[in-house]
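Undergrad: Below you'll find the structure I mean.
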Amino acid sequence: MDKEEIIKKAEKIQGWMTPEELGVLYDLACEVLKKHGLAVEVGSWKGRSGYVIGNICKEKGARLICIDTFCGCESQKELYDEMVQIGIRRFMDENIKKNLDGLPVDYIVGNSVEVYNQIVDGSASFVFIDGDHFNPVVKQDLDNFWPKVKEGGIFAGHDHIETFPDVIKEVNFKFPDIIEREIKYSLWFIRKKK
């Protein structure tokens, strides 16, 4: 599949990323993922962005690890009634696992601030943060997952917008150099220098 087909299919998966943002995500993942490479996504929900990253991984011979509680965060519990009603295993089977079927994806079910050590430091070419959008978790995710990115890799995330001031505050604080820190739509990203 080409980029346009992947984005069109990803749009059919419930999620919050726009087609333009999915396009940026596609380009960033393509830039750094290689054979035997690793991508990590923190905050996967039903797999909209994971579908894009997973397809790049499949094409390049890499793999993706999706990290999520699939229970939502405290600030957005009302969005997660479906999971509560049917249970986490069935929710995953009927959503993310179905949506990402056939792609090289592994899952870590858990809170990112507790399971981050399951990813080896310096092992990921691409890390995408789209989990809890409020502190203290935003700061913890940035601090915990930045070391996971290998030199030359990309550290990126979603929702650098006024709706989520903690994302803006923490990303701008951790990466104050506006030449290195890039923003496209509501995606932020940094290339880790060699």
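The values are calculated or read from the model by the stated rules, or taken from the named source; none is laboratory data. Given the structure is predicted, the values throughout are model-derived calculations rather than measurements. Here Cβ is always computed from backbone atoms with ideal geometry, including for glycine, and neighbour counts include all displayed protein chains.
Undergrad: Residues being over 12 Å from the mean Cα position of the chain (by Cα), part of a helix (DSSP H, G or I) and buried (at least 21 other Cβ atoms within 10 Å of the Cβ): count how many of those fall in region 117-141.
TA: Residues in region 117-141 being over 12 Å from the mean Cα position of the chain (by Cα), part of a helix (DSSP H, G or I) and buried (at least 21 other Cβ atoms within 10 Å of the Cβ): 2 in total.
Undergrad: For LEU187, indicate whether it is of a type in the set (A, V, I, L, M, F, W, C), more than 20 Å from CYS71 (Cβ to Cβ), free of Cβ contacts under 8 Å to residues at least 60 places away in the same chain and touching a helix residue (DSSP H, G or I) at 6+ places or on another chain (Cβ under 9 Å). Before you say what the answer is, go through the steps one by one.
TA: Numbers: of a type in the set (A, V, I, L, M, F, W, C): yes; more than 20 Å from CYS71 (Cβ to Cβ): yes; free of Cβ contacts under 8 Å to residues at least 60 places away in the same chain: no; touching a helix residue (DSSP H, G or I) at 6+ places or on another chain (Cβ under 9 Å): yes.
The answer is no for LEU187.
Undergrad: Okay, next question. Condition first: under 14 Å from the mean Cα position of the chain (by Cα) and more than 17 Å from LYS184 (Cα to Cα). Now tell me which residues in region 11-32 satisfy that.
TA: GLY15
Undergrad: Return the residues of region 137-154 that are in contact with a strand residue (DSSP E or B) (Cβ under 9 Å, 6 or more places away or on another chain) and either touching a residue at least 60 places away in the same chain (Cβ under 8 Å) or closer than 16 Å to SER44 by Cα (or both); say none if nothing qualifies.
TA: Matches in region 137-154: VAL138, ASP141, PHE145, LYS148, GLY152, GLY153, ILE154.
Undergrad: Any idea which residue in region 169-193 is farthest from CYS30 (Cα to Cα), counting only those that are over 16 Å from the mean Cα position of the chain (by Cα) and crowded, with 18+ Cβ neighbours inside 10 Å? Step through it out loud before you land on a result.
TA: In the first step, residues of region 169-193 are kept if they are over 16 Å from the mean Cα position of the chain (by Cα); the result is 169-170, 172-182, 192-193.
Checking which are crowded, with 18+ Cβ neighbours inside 10 Å leaves us with 170, 192.
Working: GLU170: 26, LYS192: 16 Å.
So, considering only residues that are over 16 Å from the mean Cα position of the chain (by Cα) and crowded, with 18+ Cβ neighbours inside 10 Å, the one farthest from CYS30 (Cα to Cα) is GLU170.
Undergrad: Filter region 154-185 down to the residues that are over 18 Å from ASN135 (Cβ atoms) and outside any strand (DSSP E or B), then identify the one that is modelled with the highest pLDDT.
TA: Going through the qualifying residues, I end up with TYR185.
Undergrad: Right, something else. Would you be able to say whether some residue in region 123-134 is free of Cβ contacts under 8 Å to residues at least 24 places away in the same chain, out of contact with any strand residue (DSSP E or B) (no Cβ under 8 Å at 6 or more places or on another chain) and of a type in the set (A, V, I, L, M, F, W, C)? Outline the logic, then answer.
TA: Taking region 123-134 as the starting set, the residues that turn out to be free of Cβ contacts under 8 Å to residues at least 24 places away in the same chain are none.
The answer is no; no qualifying residue exists.
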